[in-house]
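Below is one structure, written out as structure tokens; comments come after it.
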């Protein structure tokens, strides 16, 4: 990663324009051309420097439902349960924790009813209790990581 890549990453963390030619506008602000910006973004994604580039939507403001869930998975079944849970398109993140509830995942659905149905289906397929932990309050943390 060179200085231009760092500048791209730092700049794009603060916003992305909504206009007819957003990449061109960003490229001009970085003193490069649009083709170079797109090539560099593709390279940063391809080499894993960036894992994702795109908008973040607030599912709840769009009428959807979002929750954090956890499961207590026996160690010997962890990989199998991971495969089952990750097969659901509603599962956004799934990760291991050092806790008695050792698997946590984010569930994003179109409706609260679909959320309940998905949790019930996961419980049915795994034979394990899913602990639904919806947020009570949201805090905005303007996290920016300097590259």
* To do: Would you mind stating whether residue 51 is within 21 Å of residue 146 (Cα to Cα) and free of Cβ contacts under 8 Å to residues at least 24 places away in the same chain?
  => yes
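If you go through segment 114-122 one residue at a time, do you hit one that is part of a strand (DSSP E or B) and touching a residue at least 40 places away in the same chain (Cβ under 8 Å)?
Initially, segment 114-122 is screened for residues part of a strand (DSSP E or B), giving none.
No, because not a single residue in segment 114-122 is part of a strand (DSSP E or B) and touching a residue at least 40 places away in the same chain (Cβ under 8 Å).
Only the coordinates and a few stated rules stand behind these numbers; no lab work does. Worth saying up front: this structure is predicted, and the values here are computed from it rather than measured. FYI the Cβ positions are ideal-geometry reconstructions off the backbone, even for glycines, and counts take in every protein chain you see.
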